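Asker: Sharing a structure below in structure tokens format, with a few things to ask.
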Amino acid sequence: MKKKSVVVLSMILGLSLVTGCGAKEETTTEAEVTTEVVTEAEVEEEEVTEATEVDASSSDAEWAYGEYTYTGDDMIESAITFFICDELAKGYDAADVGLPVVLEVSRDESDPDDIKVWGEFEYFTYNLVGDTLETQAGGSYPGCMHIKTTDAGIGYVVDHFDPVADGSDFDASAKEIFGDKYDAFMEIYSNDDLKNEKRKDFIEEYVFSHSVPATKYQDYGWDPVELNVSAGDPADDDVVYMGGLYASDEVCDTNIALFKSAGHPVAVITEGDNIYYGEFEEEESTLKDGSYVTMITVEGKTYGYRFDQDDNGEFGSTGVIVDQDGNEHFAKWLDESVAMEMKAETE
């Protein structure tokens, strides 16, 4: 595993990470940091630090602003980001924030049981100091992700990962894994501007969706990078419907509507005569069939949801709702007019 030790303080928060996003890693002294920081010009000659991997299930700490959750509509990339945070992040000490970065080189979806995504995959941890996310550690993991559909045929999961070897074996290993895509990979791998821009995109998305009071991020020894989390956001008095589901069976009477209000994600959940409203915490969970759902907690009540995909990989008109007892229910798309009526009941 290749790791760039970006900054190591004399004391590191003694927290452990839950759900696969943290474990012990070997640290260096402050004197070593100044020589080990990788400059933007350095690409292949990176300092390698071996990490001690620890089972994160033995850890009970929480992220300060919540776990990273993919918010896009590419469910294959969603599976990749989940794998990065759940598996590749096991060699890192806990921090306020832990975020993946995905730079895709190529994708082959011809075999649904072995979808291949070649790319440069990265992971970084940050602590919030004032309004700056200060980088604590980061790692680069180029290689090929092998992805399959879940047993239920809904959603995707990473089956295994072929990483490029470290050190003197790097080039030969990369050529073997990437094959005729090797040149395209090296163009991305050696393009620091592209990698930094993609990393910034992931940070900005997380800062916005999790309401993190950060305006910039900073690597040790480098100038801070300003974050733009307001461009394109709705006005403060706007309420934007993002999507929703209603349970369509005789057992469950639950509606889930998701909004952005004043730029913040909020949810309205109704179950019978009960209504729950407010900003929510969320985390990924796995159902018995291996498929993923997003669990959200509003006013202390936890529900789950997942939108199904059509043949083009776009969100379809059906999905799943998980009630407070953990039972799954077939669900359909919630019409915006109904969602807005639910929202009006909270005012």
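Asker: Against the conditions (1) surrounded by fewer than 15 Cβ atoms within 10 Å (Cβ to Cβ); (2) without any contact (Cβ under 8 Å) to a residue 60 or more places away in the chain; (3) under 22 Å from the mean Cα position of the chain (by Cα), where does GLY143 fall short? Just the number, please.
Answerer: (1)
Asker: For the subset of region 244-295 comprising residues that are within 18 Å of the chain's Cα centre (by Cα) and aromatic (Phe, Trp, Tyr), which member is nearest to SER317 (Cα to Cα)?
Answerer: The residue in question is TYR292.
Yes/no matrix, rows are residues, columns are (1) in contact with a His (Cβ under 6 Å, 6 or more places away or on another chain); (2) of a type in the set (D, E, K, R); (3) assigned to a loop (DSSP other than H, G, I, E, B):
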residue	(1), (2), (3)
GLU283	no, yes, no
ASP289	no, yes, yes
ILE296	no, no, no
VAL320	no, no, no
LYS343	no, yes, no
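Asker: At positive phi, surrounded by fewer than 17 Cβ atoms within 10 Å (Cβ to Cβ) and under 20 Å from the mean Cα position of the chain (by Cα): is that true of GLY300 in this structure?
Answerer: No, not satisfied.
Asker: Something else now. Name the single residue that is modelled with the highest pLDDT among those in region 248-281 being assigned to a loop (DSSP other than H, G, I, E, B) and closer than 24 Å to ALA64 by Cβ.
Answerer: For region 248-281, the residue satisfying everything is PHE280.
Asker: Out of region 86-99, which residues are open to solvent by 10 Å² or more (accessible area, probe 1.4 Å) and under 18 Å from PRO163 (Cα atoms)?
Answerer: ASP86, GLU87, LEU88, LYS90 - these are the residues of region 86-99 that are open to solvent by 10 Å² or more (accessible area, probe 1.4 Å) and under 18 Å from PRO163 (Cα atoms).
Each row is one residue, and each column tells you yes or no for (1) surrounded by 18 or more Cβ atoms within 10 Å (Cβ to Cβ); (2) over 23 Å from ALA344 (Cα atoms).
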| site | (1), (2) |
| --- | --- |
| ASP249 | no, yes |
| CYS252 | yes, no |
| PHE259 | yes, no |
| VAL268 | yes, no |
| TYR277 | yes, no |
| GLU284 | yes, yes |
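Asker: Would it be correct to say that VAL164 is touching a helix residue (DSSP H, G or I) at 6+ places or on another chain (Cβ under 7 Å) and without any contact (Cβ under 8 Å) to a residue 40 or more places away in the chain?
Answerer: Taking the combined requirement at face value, the residue satisfies it.
Asker: Read through the list (1) surrounded by 22 or more Cβ atoms within 10 Å (Cβ to Cβ); (2) out of contact with any Lys or Arg (no Cβ under 9 Å at 6 or more places or on another chain), then give the number of the only condition that TYR65 fails.
Answerer: Condition (1) is where TYR65 drops out.
Asker: If you don't mind, there's one more thing I want to ask. From the residues in region 176-188 that are surrounded by 16 or more Cβ atoms within 10 Å (Cβ to Cβ) and not aliphatic (A, V, I, L, M), which one is nearest to the chain's Cα centre (by Cα)?
Answerer: So, considering only residues that are surrounded by 16 or more Cβ atoms within 10 Å (Cβ to Cβ) and not aliphatic (A, V, I, L, M), the one nearest to the chain's Cα centre (by Cα) is PHE185.
Asker: Now a separate question. Would a scan of region 108-123 turn up a residue that is touching a His at 6+ places or on another chain (Cβ under 9 Å), of a type in the set (Lys, Arg) and part of a strand (DSSP E or B)?
Answerer: For region 108-123, residues touching a His at 6+ places or on another chain (Cβ under 9 Å), of a type in the set (Lys, Arg) and part of a strand (DSSP E or B): present.
The values are calculated or read from the model by the stated rules, or taken from the named source; none is laboratory data. Source: prediction; values computed, not measured. Note: ideal-geometry Cβ built from the backbone for every residue, glycine included; neighbour counts use all protein chains shown. Quick note on the areas: whole protein, heavy atoms, side chains included, nothing else; ligands and nucleic acids left out. Shrake-Rupley method; radii C 1.70, N 1.55, O 1.52, S 1.80 Å.
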